[in-house]
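Written out below as C-alpha cells is the structure these notes cover.
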Amino acid sequence: MANKTADGTYVYSFTQTDGAGNSSVVSAQFVRDTVAPLFAVGSASSATTAGSSHTWTGSCEAGIAVHVTGAVMTSLPCSGGAWTLSVSGATDGLREYVVSQTDAAGNGTSVSLSWTRDTSLPNISLDVGVGATIDNNQNSASWSGVCQTGIDIVVSGSDNQVIPCPAGVFTYHAPAQTSDASRPTR
C-alpha cells in the first residue's frame, strides 16, 4: 500500500477468484485524519473569585465528548458545538483542570484552566493606626503601612489616587494644601 499524504477516506476491495470463476469480495477503508478537533475556551483560562463556583464555556467538535482531568474528573457533552464546565469549592485555594477533546484518529486539543477561590480580605494597615489623624502645620501629610503585595491601593476621600503595593509596604503622600479651608471644625 502506498503512503497516503492527504487526509481523506481511502476504500479498498479485496477479491479472490477460484478456478471455477467464483469470486468473493470484501471491502475495507482507511481514514487518514491529521486534523485536531476545533476546540477552545471562550473566556479567560485563569480566574480568581470570592464566590463558591466558577463556570467556563467554549467551542468543541460536535459528537465528540469533552474530557476533564485535574481537580475534577468527568466527561462533558459537546452540544451544538459548545461545552460548559461548572466547578465549585467550599474552601479557599487553587484548583487546576485540563479540558480536552480527542477525535477517533487520536488527534487531540487541550486547554489548561485554573480557578482560585479567595475569600480572605487583603492585609492592609497603617503604621499609625486605622483612621489616624495627623495634625501639623505643614501643607501635607504622609502615611505608610503594610499591604498585600501585588494588589493596588485605592485612595479616596480628599484625594482620588491608586498607589501600588509592590513589596508588602506602601507610602502615601497627600497632595499639598494651600489653605485650612478643608480642615474639619472641632
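The values are calculated or read from the model by the stated rules, or taken from the named source; none is laboratory data. These figures come from a predicted structure and were not determined experimentally. Don't worry about glycine lacking a Cβ; one is built from the backbone with ideal geometry, like all the others, and counts go over all protein chains shown.
Assorted remarks:
- Criterion applied to Gly51, Gly63 was being at positive phi and in a loop (DSSP other than H, G, I, E, B), and the one residue passing it is Gly63.
- Hits in the range 159-178 (condition: under 13 Å from Asn139 (Cβ atoms) and either outside any strand (DSSP E or B) or within 35 Å of the chain's Cα centre (by Cα) (or both)): Ala174, Pro175, Ala176, Gln177, Thr178
- Test: residue in the range 103-116 that is among the hydrophobic types (A, V, I, L, M, F, W, C), outside any loop (DSSP other than H, G, I, E, B) and modelled with pLDDT under 95: no
- Residues located in the range 84-104, provided they are surrounded by 13 or more Cβ atoms within 10 Å (Cβ to Cβ) and over 23 Å from Thr34 (Cα atoms): Thr84, Leu85, Val87, Ser88, Gly89, Leu94, Arg95, Glu96, Tyr97
- Filter result (closer than 15 Å to Thr55 by Cβ and surrounded by 14 or more Cβ atoms within 10 Å (Cβ to Cβ)) within the range 73-83: Leu76, Ala82, Trp83
- Residue match in the range 59-67 (condition: polar (S, T, N, Q) and surrounded by 12 or more Cβ atoms within 10 Å (Cβ to Cβ)): yes
- Beta carbons closer than 8 Å, at least 6 apart along the sequence or on distinct chains, pair a first residue in the range 25-44 that is touching a residue at least 12 places away in the same chain (Cβ under 8 Å) and farther than 23 Å from Cys78 by Cβ with a second that is loosely packed, with under 12 Cβ neighbours inside 10 Å and aromatic (Phe, Trp, Tyr) for Val25/Phe14; Val26/Phe14; Ser27/Tyr12; Ser27/Phe14; Ala28/Tyr12; Ala28/Phe14; Gln29/Tyr12; Phe30/Tyr12.
- If the condition is being within 21 Å of the chain's Cα centre (by Cα) and in a loop (DSSP other than H, G, I, E, B), then the range 66-81 contributes Ala71, Val72, Met73, Pro77, Cys78, Gly81.
- Out of Val98, Val154, one residue alone is at pLDDT 95 or above and closer than 30 Å to Ser59 by Cβ. It is Val98.
Residue by residue, here is whether (1) part of a loop (DSSP other than H, G, I, E, B); (2) aromatic (Phe, Trp, Tyr); (3) at pLDDT 90 or above holds:
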| residue | (1), (2), (3) |
| --- | --- |
| Met1 | yes, no, no |
| Phe14 | no, yes, yes |
| Ala20 | yes, no, yes |
| Ser24 | no, no, yes |
| Gln29 | no, no, yes |
| Val35 | yes, no, no |
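- Failed item in (1) in contact with a Cys (Cβ under 9 Å, 6 or more places away or on another chain); (2) under 30 Å from Pro122 (Cα atoms); (3) of a type in the set (Gly, Ala, Ser), with Ala50 passing the rest: (1)
- Matching residues, the range 96-120, being touching a Leu at 6+ places or on another chain (Cβ under 9 Å) and without any contact (Cβ under 8 Å) to a residue 40 or more places away in the chain: Glu96, Tyr97, Val98
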